[in-house]
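Please treat every number below as a calculation from the coordinates, not as lab data. Just so we're clear, the structure is a prediction, and the values are computed from it rather than from any experiment. Using ideal geometry, Cβ is built from the backbone for each residue, glycine included, and neighbour counts are taken over all protein chains shown.
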Amino acid sequence: MHKLPGLFLFLFIVQITSLYSQQSAINTYSSKDFDKALSLYEDKQYASAQIIFKQVQETATTEGLQSDCAYYIANCAIRTDQDNAEELINRFVEEHPASRKQNQAFIDVAYYYFDHGDYKEAMKWFEKVDESVLKDGERNKYNFQKGYAYFDSKKLKEAKKYFSRVVNSDEYATQSKYYMGFMAYESDDYVEANKQFDQVSGNEKYAEKLSYYKSDMSFKSGDFQKAIDLGIKAMPNSTPAEQSELNKIIGESYFNLKQYDKAISYLVGYKGKKGKWGNNDFYQLGYAYYVQKDYENAISQFNKIIDGNDFIAQNAYYHLGESYLESGKKQQALNAFKNASEMNFNLKLQEDASFNYAKLSYEIGNSYQSVPEILLGFINKYPTNPNNDVIEKLLIDSYISSKNYKEALVLLEKNKTPENRIAYQKVVFYRGLELYTEGNYFESLSMFEKAAKEQKDAVITARATFWKAESDYNLENYKDALLSYQQFSDLAKAKETVEFKNINYNMAYANFKLKEYDSAGNSFQSQIDNNKVDKFRLNDSYLRLADCRFVTTKYQSALDAYIKVIESKSVDADYAYFQKALCYGFLSKNSKKIEELNAFLTLYPKSDYQDDVLFELGNTYVAENKQDLAIKAYDKLVNGFKNSSYTSRAILRQGLIYYNSDRDDLAITKFKKVASEYPKTPEAYEAVSTARLIYVDNGKVDEYATWVRTLDFVAVTDLDLDNDTFEAAEKQFELNNTKQAISGYSSYVAKFSNGVHILKANFQLAQLYYAEGSESKSVPNYEYVISQPRCEYTEQSLVRLAQIFLKDKNCDKGIPVLVRIEKEADFPQNKTFAQANLMKCYYETKDYPNSVVYADKVLANPKAEENVKSDAQIIVARSAMQSGDEAKAKTAYAKLLTVSKGELAAEALYYDAYFKNKDGKFELSNTAIQKLAKNYSSYRYFGAKGLVLMAKNYYGLKDSYQATYVLDNVIENFADYSDVVEEAKTELNRIKAEEAKTNSSITK
């Protein structure tokens, strides 16, 4: 052993003695106050202790005492939650780096935060601790609490590291093993979890919890019976949240063991994650109900699976389809099978779903695509399917039953097999009827020709021949029409068709249009003899029979027929009465004629023929030499019907009466009135010509010349050239030399803008242009005619102009012309034409009030045709919808539904469904939509709108799956209708947002 030198030893002793003396002084200085503060600290009276520690620190003269006081002051601040506590700790560490309490300060603060459950804050201080200086007893506590802080922050690897350090500790071993087991469980390491849990299973504190975890691990390991046993055992002592999870474990275990009846109550007891279920949860409960044949409850679960796209979803949608079928809900089943058929996770199930989808499409119709296309698609995709014979039979019939003839025809044109020829003939025929209903007679003619040519079904052949004639008739091919009518009449099966009962009527009109009046009359007589049930055609046949006999001068026969019309009180009774009076005149019974004409004025005061009757009455009085009565009749006409085409003629006739009775002054007055008010008309030229005779006879030629110069339409010196030029054009016209006639009339109009024949020349030129298809060229000539005072060409020109403007969809120009026709037309059919088209034009220009006014006029007109009345109803309905008057729209659409066909019927059906939806009648609304899908699938716009409405109905019926699936399909399949797609997207987002509140599988 080495010995210290003597001097060094002496100095060391002196230093030690000095240090000891100094330390003694410290310990005696204020030791009483320090001890008192320490005692208060240990008694957890931190606020009082802190005050005294601060007082001691202020008087402390040594680093040690100041360091200790600073330590305890900071600790008191921590324990009393003072705002500057952390600052005091950091200051202590910074100002007293050599303090033996620095590490203890860190660990004390960490323990404090740990004990208060603030593990994040505790971890911050645990990280500052120097582990190497910890004592064994302190080290175990430190490792456990730091491990738990890591566990709390989900840092499982770090947590396991610290827990593993205390697995042999008496105090912390059980807790550490439990948490290590739990971490293994969370990581699906069930072997390790069971190992750790088994070591703590004897501890009552953890035993209850372990049953839950072991049940779950058994389930996840596939030991379902054990999971059930453990789960039931754990249930009574578990928290509500754990009970929810145990219900799920037990329910799914029973489900996997196919004990579905036992599974249901447990699956129902599951509360979900944060109150939400996932698609798998809905599927399992739904399938359990399905196996129990509780289809309503199965549907209520399956239909909550929205946007599913996996094996589970495909199974769910397939069994949802079957559940709907078992419940008699075919439309819903169709959607579910369609969805399942579009997924390929289970190919056998996909094929079965496709078969059910195809079969249901045939049975109830399909708004997404044509039924034939679906059926053909199935056959092509699954050529070996044992059900293909059934599908092929359905395919043939679907071409007819779907009424989607346009698309069906496309498919049949590509597949003209011998067995499809009968179907082809029917489809092409019914497609022709569709086109005919739409007014497309040229295309319908082509369809009917094809149908007649096939000759596979004799009845269809006969009907096609008849409608071929109808198409020709509407195309004004009257000879061809008559030939086809005759061919139809000669066919053996014609008598079995609905068209045959009126064949005489149709043939009669074809002859009538060809001016074969004897033949026409005979056919009208045959119609009368063979069909007295159809009152409309019976009355019309009597009327046209009378006209035919009248034209062929068989006045007594005509009279008898007109009387039949009058007796029937039909809408044409006024016309028949007028014609009856004319017949008496031709039968040389003028007194009877006058009597009937006067009676007419009383019987039919609002008739459109009042002006005709007055004019004819005046003429008859003239013939009977009753000049004064004639003048009075003409006066009534002139004063009561200023816009009548007879007005100028009546004034002229009055002038001629005065002229012939040598009352020249009165005659001149009348002739001048005609010339000034109706210039350029034939009556005006006749008035000038007759007035000239009076002036010449009275030697007043200068006076005549002066008057004539005031008339811009009389150029006496050019009269011969005027007449010659016009006559040359007329000759070409009469010879049907169209080009030469056009050239001649054009030359006349250019040279004689105020010529004697200017009105007729313009009219004839316009007619020729129109006939050759140069409609735009005819407009200026027609417009010239209508700009002049009323004449015999005015009404025809107005009608032609209106037709041209309507064809060009130029309502701005068409409306003023139509208004004039309504006011000025002599022929009732032209007034009806004007009213019907004013109704449409006002609607097109969004003038809904006027549109409704004219629609009401059309509906009130007994002579309006049914198709025009249908148009009126739709205008009323649409205008009411546009104006927000849904009550009126509802009534109008209801009326339309009873009379409409084609697209109008589709629209009316849609609104029938719409208003049922508004009334909360969701099932009835869907029934209407299904009818729309089955009978009018070719009108895709209303089909698409109907589907959106159907989705709303389903959601109203709490079937969110159907609602969202239908909307998804609208968005996918109807991109051509952007307004419908936008509505579908809005509705889909609304529904998903609502459903996401309870379904965790839905992504908004």
For the stretch 764-816: span of alpha carbons on each principal axis (Å, largest first): 28, 26, 14
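At a temperature of 20 °C and a viscosity of 1.002 mPa s, determine how fast the stretch 486-592 diffuses translationally according to Stokes-Einstein, using the Kirkwood radius over alpha-carbon pairs as Rh; express D in µm²/s, rounded to the nearest whole number. Intermediate results must be reported in sequence, preceding the final value.
Working: Rh = 14.2 Å.
Diffusion coefficient, whole number: 151 µm²/s.
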Provide His96, His319 in ascending order of the number of other Cβ atoms located within 10 Å of each residue's Cβ, fewest first. His96, His319
Could you please report the charge total around Lys393, scoring K, R as +1 and D, E as -1 over all other residues with beta-carbon less than 12 angstrom from its beta-carbon? -3
Label Lys809 and Asn698 with points 7 Å out from Cα along Cα→Cβ: what is the distance between them in nm? 6.1 nm
Helix 940-956: angle to the longest alpha-carbon principal axis of the chain, degrees 0 to 90, nearest 10? 40 degrees
Relative contact order (%) - criterion: Cα under 8 Å, at least six apart; region: the stretch 517-571: 35 percent
Alpha-carbon Rg/Rh ratio, for the stretch 33-145, with Rh computed the Kirkwood way: 0.96
Near Ala877, within a Cβ-to-Cβ distance under 12 Å, what is the net charge of the other residues, with Lys and Arg +1 and Asp and Glu -1? -1
Length gained when the stretch Lys135-Asn309 is fully extended (0.36 nm per residue, less Cα-Cα span): 56.7 nm
In terms of the ratio Rg/(2.2 N^0.38 Å) built on C-alpha atoms, what value belongs to the stretch 405-498? 1.03
Scan the stretch 804-848 for trypsin sites (Lys or Arg not before Pro) in coil per DSSP, keeping those whose Cβ has at most 12 other Cβ atoms within 10 Å, and list them by number. Lys809, Lys846
Measure off 7 Å from each Cα along the Cα-to-Cβ vector at Glu392 and Ser787, then give the distance between these two points in nanometres to one decimal. 7.1 nm
Between Lys233 and Lys161, what FRET efficiency follows from the Cβ-Cβ distance if R0 is 25 Å, with the result rounded to 0.05? 0.15
When the C-alpha atoms of the stretch 367-411 are aligned to their principal axes, what extent does each axis show, in angstrom, from largest down? 29, 18, 16
Give the dimensionless ratio obtained when the Cα radius of gyration of the stretch 667-773 is divided by 2.2 N^0.38 Å. 1.22
Can you give the percent of C-alpha pairs in the stretch 297-394 whose distance is more than 22 Å? 25 percent
How far is helix 279-291 tilted, in degrees, relative to the longest principal axis of the Cα atoms in the chain, given as a value from 0 to 90 rounded to the nearest 10? 70 degrees
Square roots of five times the Cα gyration tensor eigenvalues for the chain, Å: 106, 41, 23
With runs of 4+ DSSP H residues as the only contributors, calculate the mean residue ellipticity of the chain at 222 nm using -39,500 (n - 2.57) per run, divided by the residue total and rounded to the nearest 500. -24500 deg cm²/dmol
Using Cα atoms only, what is the angle between the long axis of helix 478-490 and the major principal axis of the chain, expressed in degrees (0 to 90) to the nearest 10? 80 degrees
Spread of Cα-to-Cα distances over 5 Å intervals beginning at zero, given as percent, for the stretch 576-673: 3, 15, 24, 23, 19, 10, 6, 1
So if each residue of separation counts as 0.36 nm, and I subtract the Cα-Cα distance between Lys348 and Ala241, what length gain in nm does that give? 34.5 nm
Can you give the relative contact order of the stretch 405-498 as a percent, counting alpha carbon pairs under 8 Å and 6+ residues apart? 22 percent
Could you pull out the pairs from Lys501/Lys869; Lys857/Lys934; Lys135/Lys157; Lys846/Lys895; Lys918/Lys985 whose alpha carbons sit more than 30 Å apart here? Lys857/Lys934
Return the unpartnered cysteines for the chain, using a Cβ-Cβ cut-off of under 4.7 Å. Cys69, Cys76, Cys548, Cys583, Cys791
Based on C-alpha coordinates, I'd like the Rg and Dmax of the stretch 721-876, in Å. 17.8, 56
Using the 10 angstrom Cβ neighbour count as an exposure proxy, how do Arg653, Arg421 rank, fewest first? Arg421, Arg653
Can you flag which of Lys493/Lys863; Lys293/Lys330; Lys592/Lys823; Lys44/Lys128; Lys406/Lys777 are past 28 Å Cα-Cα? Lys493/Lys863; Lys592/Lys823; Lys406/Lys777
Under a point spin-label approximation (7 Å from Cα along Cα-to-Cβ), what is the Asp919-Leu257 distance to one decimal in nm? 5.3 nm
Mean separation of Cα contacts under 8 Å, 6 or more apart, over the residue count of the chain: relative contact order %: 6 percent
Would you mind putting 642-651, 622-631, 222-231 in packing order, based on average other-beta-carbon counts within 10 Å, highest first? 642-651, 222-231, 622-631
In range of the label at Glu496: residues from the stretch 456-470 whose backbone nitrogen is under 14 Å from the point 7 Å along Cα→Cβ: 456-464
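By how many nm would the segment from Ser661 to Gln487 lengthen if fully extended, with 0.36 nm per residue of separation less the alpha-carbon distance?
Working: separation 174, 0.36 × 174 = 62.64 nm, distance 6.13 nm.
This chain segment gains 56.5 nm when fully extended.
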